[in-house]
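Data first, discussion second: the structure below is written as structure tokens.
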Amino acid sequence: MLEQELAIAQRDLEKNGWLDIEVDPTLDLVAEINRLKKEKNAIILAHYYQESEIQDIADYIGDSLGLSQKAAKTEADIIVFAGVHFMAETAKMLSPQKKVLLPDLKAGCSLADSCPPALFRKFKEKYPDHVVVSYINCTAELKTLTDVCCTSSNAVQIINSIPEDKPIIFAPDKNLGAYLKKKTGRDMILWNGTCMVHEIFSQEKITKLRQRHPDAKFIAHPECEAAILEQADYIGSTSGLLKYTKENPAQEFIVATEVGIIHQMQKASPLKTFIPAPPNNLCACNECPHMKRNTMEKLYLCMEFEQPEIILEDWIIEQGRASIDRMLEVSEQAGLKLAD
Ligand code: 13P
Ligand code: SF4
């Protein structure tokens, strides 16, 4: 039965994005995943936006910079990426000899989707002398058109590493780009992309929430719109936000990023209160639908059957990798070490 089911699931993998096989509901998924990790010398790398159970079983949880640093250094044979497609692609580019698995291939990213390489190539032709800095939230192919990547943890250092007489194109996030223009004083040409999660925070609801919680610190990710960032007591990457909540004496925090990060904030500071910043829809918090495509069942299936796997063409790895290597080099020079 399982063999037949597996054959059908493999045939439909491209359509579904994951191995659609029924998992026995009585199976202890935590035990099974831990067994597979050992048996296969696999490492699970998870982003802070993953569901709590996945974060709890991961070998390393981090932001985009930490995850790529870990992917570059791991000695595991298999990297299981509990995150989104561009993150798993980055891991594959950094460790091409390893098998990189993503529980659901359809876990995409609105920022990566907003910048199709063919359109970007044409756009870039209009600015021939410019250095291209791309936020790591872009496709592997876009990285082949990029001089240096950045994440929200190292973006300021990356921009500052570019000689002042060199004009810059920044893609694909216009909000992060606008924030960086302000922060570094560099004038940059911005691609018009946004993150679907960070662009929908409601300024009005946040103002009301702050009135009800006057002692709460308001903290935001730089993918948010300028009007939200202007109100923030602190702006930072997911790991920056987490660190701030650990170190700041405040007891209440209103958090403007994907709600998954609150799991680690609450674990690190169990006596503090974390309130997700409200979006401009009927939901109470913002979830990334791509990040949340990964589930414990899909994680188990992908480790058991070693599918879906990230496969990249050699030319993409060869031409795209330099932009990530350059980013890691600048990060190391700037002392941005891997978090624990
Ligand atoms: P960081 O975790 O690097 O801050 O990135 C946030 C994000 O949106 C990842 O998709
Ligand atoms: Fe992309 Fe935004 Fe989701 Fe991050 S939170 S994966 S930037 S859509």
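No value in this document is a laboratory result; all are computed from the given coordinates. Every value quoted in this text rests on a predicted model; they were computed, and no experiment measured them. Positions of Cβ are generated from backbone atoms using ideal geometry, with glycine treated the same way; all protein chains shown enter the neighbour counts.
Restricting the stretch 125-146 to residues that are under 16 Å from Gly177 (Cα atoms) and of a type outside the set (A, V, I, L, M), which is farthest from ligand 1 (Cβ to nearest atom)? Here the residue is His130. For the stretch 181-203, residues that are outside any strand (DSSP E or B) and of a type in the set (Phe, Trp, Tyr) total 1. Annotation note: of Cys283, Cys288, the sole residue that is surrounded by 15 or more Cβ atoms within 10 Å (Cβ to Cβ) and outside any helix (DSSP H, G or I) is Cys288.
Tell me, please, whether a residue that is closer than 16 Å to Lys208 by Cβ, within 16 Å of ligand 1 (Cβ to nearest atom) and surrounded by fewer than 21 Cβ atoms within 10 Å (Cβ to Cβ) can be found in the stretch 292-299. Please lay out each step first, then the result.
Narrowing the stretch 292-299 to residues closer than 16 Å to Lys208 by Cβ: none.
No; the residues of the stretch 292-299 include none that is closer than 16 Å to Lys208 by Cβ, within 16 Å of ligand 1 (Cβ to nearest atom) and surrounded by fewer than 21 Cβ atoms within 10 Å (Cβ to Cβ).
Out of Ser134, Ser153, I need the residue that is under 25 Å from Ala107 (Cβ atoms), of a type in the set (S, T, N, Q) and part of a loop (DSSP other than H, G, I, E, B). Which one? Spell out the reasoning first.
Details: Ser134 fails: part of a loop (DSSP other than H, G, I, E, B).
Ser153 is the lone residue from the list that is under 25 Å from Ala107 (Cβ atoms), of a type in the set (S, T, N, Q) and part of a loop (DSSP other than H, G, I, E, B).
Exactly one residue out of Ile235, Ile311, Ile261 is among the hydrophobic types (A, V, I, L, M, F, W, C), closer than 30 Å to Gln97 by Cα and within 20 Å of the chain's Cα centre (by Cα), and it is Ile311.
Being of a type in the set (D, E, K, R) and not in a loop (DSSP other than H, G, I, E, B) is the filter; apply it to the stretch 217-257 and report the residue that is nearest to Ala46 (Cα to Cα).
Across the stretch 217-257, the extreme among qualifying residues is Lys243.
Considering Ile79, Ile33, Ile43, Ile54, the condition of being farther than 30 Å from Ser161 by Cα, β-branched (Val, Ile, Thr), within 16 Å of ligand 2 (Cβ to nearest atom) and touching a strand residue (DSSP E or B) at 6+ places or on another chain (Cβ under 8 Å) is satisfied by Ile54 alone.
Within the stretch 10-30, identify whether any single residue is of a type in the set (Gly, Ala, Ser) and out of contact with any Lys or Arg (no Cβ under 9 Å at 6 or more places or on another chain), and answer yes or no. No, the stretch 10-30 contains no residue that is of a type in the set (Gly, Ala, Ser) and out of contact with any Lys or Arg (no Cβ under 9 Å at 6 or more places or on another chain). The set of residues in the stretch 220-261 that are surrounded by 15 or more Cβ atoms within 10 Å (Cβ to Cβ) and basic (Lys, Arg) contains only Lys243.
Cβ-Cβ below 9 Å, separation at least six or inter-chain, first residue in the stretch 25-51 and free of Cβ contacts under 8 Å to residues at least 24 places away in the same chain, second away from ligand 2 (no atom under 16 Å from the Cβ) and β-branched (Val, Ile, Thr): which pairs? Listed by first residue and then by second, the contacts come to Asn34/Ile57.
Taking the numbered list (1) within 16 Å of ligand 1 (Cβ to nearest atom); (2) farther than 24 Å from Ser153 by Cα in turn, Lys243 passes all entries but (2). All conditions in (1) away from ligand 1 (no atom under 13 Å from the Cβ); (2) within 28 Å of Gln333 (Cα to Cα); (3) part of a loop (DSSP other than H, G, I, E, B) hold for Ala178, with the sole exception of (3).
Residues in the stretch 124-141 include at least one that is farther than 20 Å from Pro222 by Cβ, away from ligand 2 (no atom under 13 Å from the Cβ) and within 18 Å of the chain's Cα centre (by Cα).
With respect to (1) touching a Cys at 6+ places or on another chain (Cβ under 7 Å); (2) without any contact (Cβ under 8 Å) to a residue 40 or more places away in the chain, the lone exception for Pro172 is condition (2).
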